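Comments concern the structure below.
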Amino acid sequence: MISDQASQRKDMLWFHGKLSRDQAYRLLIEAGQQDGLFLVRESTNAPGSFVLSLWNEHTAFHYQIRHHGHCHFSIDEGPLFAGLDTLVNYYREQAGGLATKLVRCCGGGRSPPPSLCQTQPSITVELGRNLHRACEAGDDTEVHRVLQDPNINIEFMNDEGATSLHIACKKGHEAVVWILLEYNANVNSRDNEGRTPLMVGIC
């Protein structure tokens, strides 16, 4: 049972954050150039979107993963999935228009942020909602308290795709904004309408 759980966790280590196409290519080369080797990275050309980099037959393929808001994603005009994890699992079962199905993720990655996945632990969801309420109210003491919990996901999104930083900026709670920035809140995160926290704050 323990080995099965460890294997499942390892299968989730396909997220590599911000990588350029060249960096992704080098990782695929260094990881063995196996057909079906893959990773998911943040797009450097389209903020808020992602890229699936996949190796097959001596070639690296790069597929744009479009973010449709509130944790919904698709590759080009393909099926729409709730969560990056669901998308990856689908293409592990069949190629579905890709060069090949996904077989093994590159080493050195990490699990995708819970806010980008279909299934989030209930404790993460509750903490995210608590953080949003504190940001809404401008309660910097409560914001500090919630952010100290190891299970917190500072990029947790509500139904509008807004993060805690979006909410604090929209409400004009400057002290809360600075706290969130100290905890490395993503200033480039985009809500369902494609707005960053700064854009929301100046509306």
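The values are calculated or read from the model by the stated rules, or taken from the named source; none is laboratory data. Computed from a prediction, not measured in an experiment: that's the story for all the values here. Positions of Cβ are backbone-derived with ideal geometry, glycine not excepted, and every protein chain shown enters the neighbour counts. Keep in mind that these areas ignore ligands, DNA and RNA; they rest on the heavy atoms of the full protein, side chains included. Shrake-Rupley method; radii C 1.70, N 1.55, O 1.52, S 1.80 Å.
Okay, here's what the table says:
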read-out: Answer residue from the stretch 135-154, given it is charged (D, E, K, R) and assigned to a helix (DSSP H, G or I) and is surrounded by the fewest Cβ atoms within 10 Å (Cβ to Cβ) among those; value: Arg145
read-out: Cβ pairs under 6 Å, 6+ apart, first in the stretch 51-72 and outside the structural domain of Leu37 (by the TED database) and farther than 20 Å from Asp22 by Cβ, second buried (at least 22 other Cβ atoms within 10 Å of the Cβ) and small (Gly, Ala, Ser); value: none
read-out: Residue match in the stretch 152-171 (condition: among the small types (Gly, Ala, Ser), closer than 25 Å to Cys117 by Cβ and touching a Phe, Trp or Tyr at 6+ places or on another chain (Cβ under 8 Å)); value: yes
read-out: Search result, residues across the stretch 165-175 that are within 16 Å of Ile202 (Cα to Cα) and either of a type outside the set (Gly, Ala, Ser) or in a helix (DSSP H, G or I) (or both); value: Leu165, His166, Ile167, Ala168, Cys169, Lys170, Lys171, His173, Glu174
read-out: For Arg104: the one exception among (1) exposed (fewer than 15 other Cβ atoms within 10 Å of the Cβ); (2) under 19 Å from Leu28 (Cα atoms); value: (1)
read-out: Qualifying residue in the stretch 116-133 (condition: in a loop (DSSP other than H, G, I, E, B), open to solvent by 80 Å² or more (accessible area, probe 1.4 Å) and β-branched (Val, Ile, Thr)); value: yes
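Okay, residues lined up against (1) aromatic (Phe, Trp, Tyr); (2) loosely packed, with under 14 Cβ neighbours inside 10 Å; (3) assigned to a strand (DSSP E or B):
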{"site": "Gly17", "(1), (2), (3)": "no, yes, yes"}
{"site": "Ala24", "(1), (2), (3)": "no, no, no"}
{"site": "Gln64", "(1), (2), (3)": "no, no, yes"}
{"site": "Glu77", "(1), (2), (3)": "no, yes, no"}
{"site": "Leu87", "(1), (2), (3)": "no, no, no"}
{"site": "Ala99", "(1), (2), (3)": "no, no, no"}
{"site": "Gly108", "(1), (2), (3)": "no, yes, no"}
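For every residue, the table says whether it meets (1) among the aliphatic types (A, V, I, L, M); (2) more than 30 Å from Ala60 (Cα to Cα); (3) touching a strand residue (DSSP E or B) at 6+ places or on another chain (Cβ under 9 Å); (4) in contact (Cβ under 8 Å) with a residue 12 or more places away in the chain.
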| residue | (1), (2), (3), (4) |
| --- | --- |
| Gly108 | no, no, yes, yes |
| Asn130 | no, yes, no, yes |
| His144 | no, yes, no, yes |
| Ala168 | yes, yes, no, yes |
| Val176 | yes, yes, no, yes |
| Ala185 | yes, yes, no, yes |
| Arg190 | no, no, yes, yes |
| Glu193 | no, yes, no, yes |
| Met199 | yes, yes, no, no |
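Quick grid of which residues meet (1) within 15 Å of the chain's Cα centre (by Cα); (2) modelled with pLDDT of 95 or more:
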{"residue": "Ala46", "(1), (2)": "yes, no"}
{"residue": "Pro79", "(1), (2)": "no, no"}
{"residue": "Gly96", "(1), (2)": "no, no"}
{"residue": "Cys117", "(1), (2)": "yes, no"}
{"residue": "Gln120", "(1), (2)": "yes, no"}
{"residue": "Leu127", "(1), (2)": "no, no"}
{"residue": "Cys135", "(1), (2)": "no, yes"}
{"residue": "Gly138", "(1), (2)": "no, yes"}
